[in-house]
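> What follows is a structure written as structure tokens; I'll ask about it next.
Every read-out reported here was derived from the displayed coordinates using simple, explicitly stated rules and does not represent laboratory data. Worth saying up front: this structure is predicted, and the values here are computed from it rather than measured. Because the Cβ atoms are built from the backbone with ideal geometry, glycine has one as well, and the counts that use them run over all protein chains shown.
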Amino acid sequence: MSIYKPGQGYNVRVVTAIGLGLVVLLGAYWLWEEFAAASWFGLPAIYISSGIATTFVAVLAALGYWLIGVNPRAVDFLIATDAEMKKVNWSTRREVLGSTAVVIGLSLLVAAYCLGFDRAFLVVFAWMGVLETGGL
């Protein structure tokens, strides 16, 4: 049960483990809350809720260890993902700001275009007597 290819894909494995850890902890908290009022076999509710949450964490931690560290197919996928992410050509801040300005500008232009057609149809339908404008 040793780590498969331990030096490769380190960043992706760490981020995947952190993400899985957060999901598992949130799930354990949810289970803790769900079983906070449970009473089985005369046991106090705190034992039941903590036992279920701890079992959940232990099972998913073991599954996460197996997927992130031991399973060759999953590990090879994470290593390949890390290699591909290193090849990505990330945009500069200037490019991102320019693209964002273009998207916002075009969105406002399309909104103005739709508003113009809406007002035109409002006037036409009000003139035809099909639409009551309520004083517009």
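> List the residue ranges in the chain for DSSP H helices whose C-alpha atoms run 20 angstrom or more along the long axis and whose Kyte-Doolittle average is 1.0 or above. Each step should come with its number before you reach the end.
Numbers: long enough: 10-34 (35 Å, 1.07); 45-65 (30 Å, 1.66); 72-87 (23 Å, -0.16); 93-128 (52 Å, 1.34).
Answer set is 10-34, 45-65, 93-128.
> Please give the charge dipole size of the chain, origin at the Cα centre, charges +1 on K and R Cβ atoms and -1 on D and E Cβ atoms. Round to the nearest 20 debye.
Details: 8 positive and 8 negative charges, 117 e Å.
Roughly 560 debye, rounded to the nearest 20.
> Listed highest first by mean packing, meaning other Cβ atoms within 10 Å per residue, what order do 57-66, 101-110 come in? Present the calculation step by step, with values, prior to reporting the outcome.
Values: 57-66: 13.7, 101-110: 10.0.
Descending packing order for the listed peptides: 57-66, 101-110.
> Which of W32, W40, W90 moves the most in a Gaussian network model of the chain with Cα springs under 10 Å?
W40
> Moving to a separate point now. Using the Kirkwood radius built from alpha carbon pairs, what does the Stokes-Einstein equation give as D for the chain at 37 °C and 0.692 mPa s, in µm² per second?
Details: Rh = 21.1 Å.
Calculated translational D: 156 µm²/s.
> Quick one: grab the alpha carbon gyration tensor of segment 91-136, order the square roots of its eigenvalues as a ≥ b ≥ c, and give me rounded if a/c is under 1.5, else prolate or oblate depending on whether a/b is larger than b/c.
On the way: a/c = 7.97, a/b = 5.16, b/c = 1.55.
Prolate, since a/c reaches 1.5 and a/b exceeds b/c.
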